[in-house]
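Below is a structure I'd like to ask you about.
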Amino acid sequence: MTSRPAAKDRAARKASTPTRDWKSWIAWGVAVVAVLWILHTATQYFAMGVDRTTFMQHKVQSGFEPWAGWRIVLGVHVAAAITAMATGVVAFVLGIRKQRWPLHRLAGRTYAVAVVISAVAGLPLAFTATGGASATIGFLLLNGVWLATAAATYLLARRHDIARHRAWAVRSYAVTFANMTLHLLTALLTDPLDSRAAAYIVAVWLCWPVNLCAAEVALRAGARLNARSKKAVTQKRAASTGN
Ligand code: HEM
């Protein structure tokens, strides 16, 4: 049977948790962006064909001749990256909404495996990256950060350190969006730098720090909102028990 104080407590919590609504909006916003980017990438690479992408056209123009093995590795990298984006968003939304833990766990594990496969395939690609050594180093750094953040997320979940698992999941998933930020930054910087090649290199270096900064801002805002709603619940509880 539900006790009156517990029912009052739930009612107070419901009335004073803007955090949950705010987090739900963020989760759905991230989900929409992820789905759009997945559709964009899958259409370009697996429906239109890699040779018709602007990426490949610039690469060929810069003197690169794609061979069969390289194409397969790029295909594996892109397919695994898309899987990581898709499973990451499922794990992210379910985690924020605190729903369906078995599905959250399955999505999380698939995400970790997909990141490892995509990052391993990304290694040889880094050595043929458009832009030479500076792009190669930038991609290798990105690879390291992607693997490290995903590993931290997975290990913290295994240790049941849920608060830190959540924070690292946000960071890891933010890095998964690096390819999208890379495209946005390349487009934004091409005119100011008067060179697509230079814009691409700067974007390779900036794509993951920009995303990690956005993740930190989101984490801090979330922590502030959590603290505010906890305070409101405590005040309401104190007021109701005082009555
Ligand atoms: C976050 C870690 C990642 C690393 C280190 C990485 C690495 C690379 C590298 C080295 C290339 C070749 C670039 C070149 O030749 O100039 C590449 C291309 C590509 N990657 Fe990734 N990648 C990552 C994440 C992703 C993600 C999450 C996606 C999501 C769909 C993705 C999709 C692609 C695509 C579509 C290409 C072809 C070029 C383009 O259109 O951007 N990558 N990646």
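Over the stretch 108-243, how many percent of alpha carbon pairs lie in each 10 Å bin up to the one with the longest distance?
12, 32, 27, 16, 8, 4, 2, 0
Please check the chain for the longest run free of trypsin sites (Lys or Arg not before Pro) that are loop-located per DSSP (anything but H, G, I, E, B) and have at most 15 other Cβ atoms within 10 Å. Walk me through the numbers on the way to the answer.
Numbers: sites that count: Lys98, Arg100, Arg159.
With a cap of 15 other Cβ atoms within 10 Å, the longest stretch comes to 1-97.
To one decimal place, what orientation-averaged projected area in nm² is obtained for the convex hull of the Cα set of the stretch 41-146?
On the way: hull surface 29.4 nm².
Dividing the Cα hull surface by four gives the mean projection, 7.4 nm².
Work out which helices of the chain, taken as complete DSSP H runs, extend at least 20 Å along their axis over the Cα atoms and score a mean Kyte-Doolittle of 0.0 or more, then list them. Can you show the working numbers first?
Working: long enough: 18-42 (36 Å, 0.71); 68-97 (44 Å, 1.58); 101-126 (36 Å, 1.05); 133-158 (37 Å, 1.27); 162-176 (21 Å, -0.02); 178-193 (21 Å, 0.90); 196-242 (67 Å, 0.26).
In the chain, the long hydrophobic H runs are 18-42, 68-97, 101-126, 133-158, 178-193, 196-242.
Then there is this: Note the full-extension length gain between Ala148 and Ser240 as 0.36 nm times their separation in residues minus their Cα-Cα distance, in nm to one decimal.
Details: separation 92, 0.36 × 92 = 33.12 nm, distance 4.68 nm.
Computed gain between Ala148 and Ser240 is 28.4 nm.
What is the extension gain from Val35 to Trp22, computed as 0.36 nm multiplied by their sequence separation minus the C-alpha to C-alpha distance, in nm to one decimal?
Numbers: separation 13, 0.36 × 13 = 4.68 nm, distance 2.01 nm.
Here the segment from Val35 to Trp22 would lengthen by 2.7 nm.
Where in the stretch 204-242 does the amide nitrogen come within less than 20 Å of the point 7 Å from the Cα of Ala187, taken along Cα to Cβ?
The answer is 204-212, 214, whose backbone nitrogens lie closer than 20 Å to the label point.
So, R0 is 22 Å and r is the distance between the beta-carbons of Thr136 and Phe55; what FRET efficiency does that work out to, to 0.05? Display every interim value, and only then the final one.
Details: r = 16 Å, r/R0 = 0.73.
The value I calculate is 0.85.
Something else: With the chain treated as a Gaussian network of Cα nodes joined by springs under 10 Å, which of Ser62, Ser118, Ser134 yields the largest mean-square fluctuation?
Evaluated over the chain, the most mobile residue of the options is Ser62.
Which FRET efficiency value, to the nearest 0.05, is calculated for Ala197 and Arg71 with the Förster distance at 22 angstrom and r the Cβ-Cβ distance?
On the way: r = 22 Å, r/R0 = 1.01.
Rounded to the nearest 0.05, the efficiency is 0.50.
Another one. Mind checking the alpha-carbon convex hull of the chain and giving the volume per residue in Å³?
Details: hull volume 33.1 nm³, N = 243.
So the per-residue hull volume is 136 Å³.
Just so you know, all these numbers are worked out from the coordinates, no wet-lab data involved. All figures in this text were calculated on a predicted structure; none of them were measured in a lab. All Cβ positions, glycine included, derive from the backbone under ideal geometry; neighbour counts span all protein chains shown.
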